[in-house]
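Taken together, the values in this text are just the output of simple stated rules run on the coordinates, not laboratory data. None of these values were measured; they are calculated from a predicted model. Note: ideal-geometry Cβ built from the backbone for every residue, glycine included; neighbour counts use all protein chains shown.
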């Protein structure tokens, strides 16, 4: 997942525009799209890891290093996703607590 910097054409500082037109003119991806893409990448890494493990056990791959690297990538991305999830849940509960 790459994070691209904001370009000069992505400013939202025009007070004359209402929020609907600002949303339509915003060229950035929505939070849902970013999260969905991130989850798709994690799923793809885990699928590749499972395929590598199956190929190793079937004798199709002799280099265990490649399998271990794939497993490490999948594990790291899964841990990152879980930490992001935990922070989102924590933030949500804090916001809900403040509203009461």
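Tell me the Kirkwood hydrodynamic radius of segment 30-99 in angstroms, computed as one over the mean inverse distance between distinct C-alpha pairs.
Values: mean 1/r = 0.0713 Å⁻¹.
Its Kirkwood hydrodynamic radius stands at 14.0 Å.
For Cα pairs less than 8 Å apart in space and 6+ apart in sequence, what is the mean separation divided by the residue count of segment 30-99, i.e. the relative contact order in percent?
That works out to 30 percent.
Can you give me the distance in nm between label points at residue 66 and residue 33, each placed 7 Å from the Cα along the Cα-to-Cβ direction? Taking the two extended label points, one gets 3.5 nm.
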